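As structure tokens, the structure follows; a few thoughts come after it.
The values are calculated or read from the model by the stated rules, or taken from the named source; none is laboratory data. Just so it is clear, the model here is predicted, and its values are computed rather than measured. Neighbour counts run over all protein chains shown; Cβ positions are idealised from the backbone, glycine included.
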Amino acid sequence: MNSSNPPQAGEYGGDEVSAIVLDPGYSTTRAGFAGEDAPKSLIPTYYGKYNADGQEKLVFGDDVFVTPRPGLSIYNPIGKDGIVEDWDMAEKVWEYSFTSRLTGAKASNPLHNGLNDISNDELPTDMEVESDEKPLADSPLLMTEPGWNPVKAREKTIEIAMEKWGTPAFYLARSGVLAAFASGKASALVIDIGASNISITPVHDGMILKRGVQHSPLGGDYISSQIRALFKKNSPQPITITPHYLISSKTAVEAGQPPQAKYKTFPAEKAPDATYRALLEERTLSEFKECVVQVWPGPNKLSATGPTGVSNEEMARSSPGRPFEFPDGYNQLFGADRFRVVESLFDAKAAILDSDSSFPTPTQAQTLPELIKASLSGVDVDIRPHLLGNVVVTGASSLLYGFTDRLNHELMQLFPGPRVRISAPGNTGERRFGSWIGGSILASLGTFHQMWISKKEYDEHGANIVEKRCK
Ligand SMILES: Nc1ncnc2c1ncn2[C@@H]1O[C@H](COP(=O)(O)OP(=O)(O)OP(=O)(O)O)[C@@H](O)[C@H]1O
Ligand SMILES: [Mg+2]
């Protein structure tokens, strides 16, 4: 294909070529073909680095979790604010997400497309092996981005897509707008509870209302840090998470009794880095969030007293606890504590303090109710009721048990006048992949083809065309 020709309409939504939709998040990167229901490729955005035979080696995809290689350390190319920090590595992780499952043999570098059975020891360190065909030479690419992505980052993204991957057509869409589309709405107030951030995106007639975009770091990773703080203060004893790779066997113990496990030890020169352990601990924390953690459903804060004079804390204490077993066999019931670890998403004063946490103590301005207020005050007063009538909840951390009940109570308290309606898909896949699904829908619409930025337009106008086209 002559890449200086603009792509023909038939290439976008036609039967022959499906666009690829790439939705890079902080914790996972999702990629798949437009028109499908779910992303075919789901990989961690984290990657590993280690040295062997005097050379630096990289590990991508699920392999990152599998082998505790000597000296393996874990990195993330995206910063805590959800914006790319390390462009070279972001490019590699993203490229891996589609070459490993989607584009297959067309990969620019067959050594790391996951389709070849080459052991890591045999991989050359130079991962930039040139080949003539670029990995997306035949595939239009729609990518998602946070609503607060700076201009420089947007330009860098189209540059990679056009120049490194050779895509014939490109579009960059705000993930909040796409989550609204996934719920069948062109106007909505989108609340995304992800890993690195929570964000509020007002969308009107398919356009982001930039002045109303709000975000703060109280996402899934923050919740994990609150759970860690709880574990430290736990009684009858502090809880240490020991990941599976450090356990050779375990014996069942009664609830609350010390674990009876045989641990694996690694000599210092054979041990993976502390970042590897932290990544695997995060998997246990994620499971804990799914099985144990619960949002106080409201009405009112956990610290408030209910209409009958009984405090909400007391109500929480009297509800049956939930059991959880750790990889080393330690297990116990979690009572009111399971509400406390997420209460600070709504009430900053409820944060469990921990001087070792990498998260500063949250401020009330970072909580969901305040972000929502700030978001709405940034948009035209006439459309506020319409947005409140179309609240869309997305992001995997929004799957926390009781989350939408509490959100509903908070919204009704904040805005007693207008009708509040939350649409939160009950299907977990739709919640986890909201923005990917919206991208899949958008890129397969026949009417979307005039939106693509073609290679020719990019060559003529430069990277800044992304600012003009992708509003
Ligand atoms: N069922 C669940 N209940 C609560 N939290 C969950 C659940 N499943 C996953 N999580 C948490 O959700 C987070 C991942 O969310 P998501 O996939 O939306 O983030 P992301 O898009 O990768 O990150 P970001 O939006 O910050 O860029 C992780 O912190 C994970 O622990
Ligand atoms: Mg996300």
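Filter segment 195-208 down to the residues that are aliphatic (A, V, I, L, M) and crowded, with 23+ Cβ neighbours inside 10 Å, then identify the one that is farthest from ligand 2 (Cβ to nearest atom). The residue in question is VAL203. THR201 passes every criterion in (1) over 17 Å from ALA90 (Cα atoms); (2) touching a Leu at 6+ places or on another chain (Cβ under 6 Å) apart from (2). Scanning segment 255-304 for residues that are over 14 Å from HIS244 (Cβ atoms) and among the acidic types (Asp, Glu) yields GLU269, ASP273, GLU290.
So is SER187 surrounded by 17 or more Cβ atoms within 10 Å (Cβ to Cβ) and under 21 Å from the mean Cα position of the chain (by Cα) or not? So SER187 fails the test.
Do we have ILE383 as among the β-branched types (Val, Ile, Thr), within 18 Å of GLN294 (Cα to Cα), over 19 Å from the mean Cα position of the chain (by Cα) and surrounded by fewer than 22 Cβ atoms within 10 Å (Cβ to Cβ) here? Spell out the reasoning first.
Details: among the β-branched types (Val, Ile, Thr): yes; within 18 Å of GLN294 (Cα to Cα): no; over 19 Å from the mean Cα position of the chain (by Cα): yes; surrounded by fewer than 22 Cβ atoms within 10 Å (Cβ to Cβ): yes.
Here the answer is no, as ILE383 does not meet what is asked.
One residue stands out among those in segment 419-471 that are among the β-branched types (Val, Ile, Thr) and modelled with pLDDT of 95 or more: the one that is surrounded by the most Cβ atoms within 10 Å (Cβ to Cβ), which is ILE437.
For segment 305-323, filtering for residues that are within 21 Å of PRO243 (Cα to Cα) and out of contact with any strand residue (DSSP E or B) (no Cβ under 6 Å at 6 or more places or on another chain) leaves 0. Looking only at residues of segment 262-284 that are surrounded by fewer than 17 Cβ atoms within 10 Å (Cβ to Cβ) and hydroxyl-bearing (Ser, Thr, Tyr), we find that the one that is nearest to ligand 1 (Cβ to nearest atom) is THR275. If you take the residues in segment 363-380 that are surrounded by fewer than 21 Cβ atoms within 10 Å (Cβ to Cβ) and either modelled with pLDDT under 95 or hydroxyl-bearing (Ser, Thr, Tyr) (or both), which one is nearest to ligand 1 (Cβ to nearest atom)? My answer is THR363. Taken as a whole, the structure places ILE78 among residues that are in contact with a Pro (Cβ under 8 Å, 6 or more places away or on another chain) and either under 30 Å from ALA179 (Cα atoms) or crowded, with 21+ Cβ neighbours inside 10 Å (or both).
Inspect segment 435-457 for any residue being more than 24 Å from GLY206 (Cα to Cα) and within 16 Å of ligand 1 (Cβ to nearest atom) and give the result as yes or no. It would help to see each step written out before you state the result.
To start, the set of residues in segment 435-457 that are more than 24 Å from GLY206 (Cα to Cα) comprises 455-456.
Still in the running and within 16 Å of ligand 1 (Cβ to nearest atom): none.
No: segment 435-457 contains no residue that is more than 24 Å from GLY206 (Cα to Cα) and within 16 Å of ligand 1 (Cβ to nearest atom).
Set side by side, the residues LYS373, LYS301, LYS349 differ, and just one is assigned to a loop (DSSP other than H, G, I, E, B) and in contact (Cβ under 8 Å) with a residue 40 or more places away in the chain, which is LYS301.
If you take the residues of segment 380-413 that are away from ligand 2 (no atom under 16 Å from the Cβ) and assigned to a loop (DSSP other than H, G, I, E, B), which of them is farthest from LYS185 (Cα to Cα)? Going through the qualifying residues, I end up with GLY402. Figure legend. Inter-residue proximity from segment 432-457: first residues touching a residue at least 60 places away in the same chain (Cβ under 8 Å), second residues charged (D, E, K, R) and within 12 Å of ligand 2 (Cβ to nearest atom), beta-carbon distance below 7 Å, spacing 6+ or different chains. Indicated pairs: PHE433/ARG30; SER435/ASP23; TRP436/ASP23; TRP436/ARG30; GLY439/ASP23.
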